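A short worksheet on the structure shown next.
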Amino acid sequence: MSTKRSDRRFPWQVMVCAVVLAALPGLASAAPASPPKAGARAAPHDAETPAPPDRRAESASGGQTQPGKNGEAAASCEITPLNVEAAYREVPGATDLQLDDVLTVKIPGLSGLMAQLLKPACKAKKLVLYLDGRPIPDLVAYPPTDPAKEMLYFILTPTGASREAWAHLLGSPGWERLSTAVSVGLADGYAFPSVSPAIIRLAVIPHDRFILWALLFGAILIAFLVLAAKSDVLRDAGAPPGGGARRPFSLSRSQAAWWFFIILGSYLLIGLVTGDVLGSLTGSVLVLLGISAGTVVSAAAVDAGQQKPDSQARKADVQAQLTVQAAQASANLQAVQAAHDAQAALVEQAAQVAQAAQVAAAAGPAAAQAAEAANAAHAVQIARTAQTAAAVAAATATLAEKRSQLKAARNESENFLLDILSDADGVSFHRFQNAAWTIVLGIIFACQVYRYLAMPQFDGSLLALMGISAGTYLGMKIPEPKVPTIAP
């Protein structure tokens, strides 16, 4: 009986347990995660869950919710944007400024804004200057000395922390003043609107200082060019050729001078516009100067190592041979020129005869045949003149080649371009590619400085390419022929 009675109670017990188990999740979710602290104010029973903050209002005002102590939410920083009334230098209406001047920005209601910024939730906020719609994060305003005046003061001094913004504003500087929109705003927000456009006219290039530094740079450049023309500052080392001739120009020294003046001009331009005269040089600049200086030293060492007695004796022998060959080429040119002059006289005579026969051709058939014969003779003389002219051109080229070889054997200069691109046997590819990369990288360097007003930081691959080019030039300079190769 007991067994049967327990069997009858079992369904009722199962139902009770099932109801209890179903109610447990709801009880667990309704229970607080942790007991409230002593003294804490309990929330009302019927309090609604607060709505999430308006993200658009936070974005416009720069406000944000900061976490408080023990995970509690602190009050958000809500800043009411103001309207910028005017921007000027010293006195209203004086809108012509240049760098390092003090810019005054007038903002009605500024005292209330400053009071908002003093709230604990807004202590991390700061007002910064906006130029041409871009924030200058590290250009913080002075607090207004008199809140009633409602003015902020900024010193227009470019800094490295705002390099991109200043590069946008000052890059590719021109002679005319730059019209720039002025506003203020929060560093992590947007620029405040203006009642009317607050515009200043910024002199990117100070005219007085630019003229002074341009004159100084021009004087240095002109003095160097005069020295290069009258001395051997850009020419190869070695004994002078004598006879008033000059040694050839050096590729390595010309390369060093090229980089020196590009970097000097860039340094002066950056310092003139931005005032940065201490931190404008970069690692790429030092590497480029090091490569050019190392090339000059290595090239001089190679030239000094090749001044040997046996090479000097061979050089003298080649000079003697080329002197003879140049004299023969000159005599041959004179003979061919004389033959060409004589042939030109025959052409002139044949032309006169043909013209007379043409006039008399109407007299009869015999006169017409004579005219045809005269014209044919004239054509033959013209063909012979063309042959003698070709012979004169060939003799002239031969004489020029022999004279060029003789200059190379004597270590004489021909012209700047041929000197830096040629060895004793003519233009060489390793010299050409070294000069080409130097010119290309120099132009890129100057353009980048003008556009961004900062020394470029070249990629390691470009610097390695420049080093490889210089190394190839030095490596190929060792076996370069010092005297021309002539036919026996």
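Quick look at the values:
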| read-out | value |
| --- | --- |
| Under Karplus coefficients 6.51, -1.76 and 1.60, residue-wise ³J(HN,Hα) of the range 323-339 in Hz, glycine/proline x | 4, 5, 5, 5, 5, 5, 5, 5, 5, 5, 5, 4, 5, 5, 5, 5, 4 |
| Computed Kirkwood radius, in angstrom, where 1/r is averaged over Cα pairs of the range 86-205 | 14.7 |
| DSSP-defined antiparallel bridges as percent of all bridges, the range 86-205, nearest 5 | 90 |
| Residue-count net charge about residue 176 - beta-carbon cut-off 12 Å; Lys, Arg +1, Asp, Glu -1 | +1 |
| 20 Å cut-off, amide nitrogen to a point 7 angstrom out along residue 444 Cα→Cβ, residues in the range 450-481 | 450-473 |
| Whole-Hz couplings from phi, Karplus 6.51/-1.76/1.60, listed for the range 373-390; x for Gly and Pro | 5, 5, 5, 5, 5, 5, 5, 5, 5, 5, 5, 5, 5, 5, 5, 5, 5, 5 |
| The range 235-271-the range 417-459 distance, computed between alpha-carbon centres (Å) | 13 |
| Gain in span if fully extended, residue 123 to residue 312, counting 0.36 nm per residue against the direct Cα distance | 59.9 nm |
| Residue 194 long-range amide H proximity, modeled H, under 5 Å | 84 |
| Sites residue 451 and residue 394, calculated FRET efficiency, Cβ-Cβ separation with R0 45 Å, nearest 0.05 | 0.30 |
| Global form of the range 347-488, assessed from the alpha-carbon gyration tensor, a/c cut-off 1.5 | prolate |
| Cut-off under 5 Å, modelled amide H: who pairs with residue 139 long-range | 129 |
| Over 25 Å [Cα-Cα, the range 171-301], rounded percent | 52 |
| Estimated FRET transfer efficiency (residue 334, residue 227; beta-carbon r; R0 45 Å; 0.05) | 0.65 |
| Calculated from backbone phi, Karplus (6.51, -1.76, 1.60) coupling profile of the range 243-252 in Hz, x at Gly/Pro | x, x, 7, 10, 5, x, 5, 9, 5, 5 |
| Rh (Kirkwood; distinct C-alpha pairs) - the range 177-244, Å | 17.6 |
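Taken together, the values in this text are just the output of simple stated rules run on the coordinates, not laboratory data. Nothing here was measured: the structure is a model prediction, and the numbers come from that model. So basically every Cβ, Gly included, is an ideal-geometry build from the backbone, and we count neighbours across all protein chains shown.
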